[in-house]
């Protein structure tokens, strides 16, 4: 590497220090029926610590594919994704899995709770997966469920909870292992306006108390005002 290249690399690294995640010229192409389908088309974005960032777009705009790429569930066809100083785009599956277990939490639209487990047991499952000592589970589980207002419902199973309560269990589960980044795919899509506002209030509390960054997808214009930044997606690009 030449001195000029070395200096450029050092400058790029310095520029990422105050950013939790940086996306540079990311493209994602799938083969459908033998023809290429370009889903992401040159995405550039950044996430800073303790931010609430929203990816807004209609169904099919590419926002879920982008969210999956940010979390290492999918790999870009081109471009770079740097998470907490690490090159997600060049890691293998095992390396990305280890990063996700420790530093990233996921909230899915369908809640993704184990139906036979109580709210408490669902949150414990997250700690087990992250390798957290069992002696620490009780205090952390109770803290996370209290944070989302469900300390009195921790022994209820998902079918005994409302949609909004199930979403809050999913949030508690996603933050239990103290991730640096929380990724949420349409977390308010199945909720009415009042419940959606409650979830956004919970997100703001989590950012403040847990010092986590949240990136979520949405097509709901009523919740955009609470975001630190909104990326508008149309046809695989930001506008």
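Checking the a/c ratio against 1.5 first, then a/b against b/c, what shape does the Cα gyration tensor give for region 3-231? Write down the numbers at each step before the final one.
Working: a/c = 1.79, a/b = 1.48, b/c = 1.20.
Cα axes put region 3-231 in the prolate bin.
Relative contact order for the chain: 29 percent, from Cα pairs under 8 Å spaced at least 6 residues apart, divided by residue count. Classify region 131-171: rounded, prolate or oblate, from the alpha-carbon gyration tensor (a ≥ b ≥ c, eigenvalue square roots; a/c under 1.5 rounded; otherwise prolate if a/b is larger than b/c)? It is prolate, given that a/c is not under 1.5 and a/b is the larger ratio. Annotation: the residues 190, 124, 211, sorted from fewest to most other C-beta atoms within 10 Å of their own C-beta, follow the order 211, 190, 124.
Set the Förster radius R0 to 45 Å, insert the Cβ-Cβ distance between residue 208 and residue 35 as r into 1/(1 + (r/R0)^6), and round the FRET efficiency to 0.05.
Numbers: r = 47 Å, r/R0 = 1.04.
The pair residue 208/residue 35 has a calculated efficiency of 0.45.
Where only DSSP H runs of four or more residues are counted, the chain gives -11500 deg cm²/dmol as its mean residue ellipticity at 222 nm, each run worth -39500 (n - 2.57). Each label point was placed 7 Å from the Cα along the Cα-to-Cβ direction; for residue 135 and residue 159 their separation is 3.8 nm. Helix 3-16 sits at what angle to the longest principal axis of the chain, using alpha carbons and giving 0 to 90 degrees rounded to 10? Between helix and principal axis, roughly 20 degrees.
Where a number appears in this text, it was derived from the coordinates with a stated rule and is not lab data. For clarity, every value in this text was computed on a predicted model and none was experimentally measured. Note: ideal-geometry Cβ built from the backbone for every residue, glycine included; neighbour counts use all protein chains shown.
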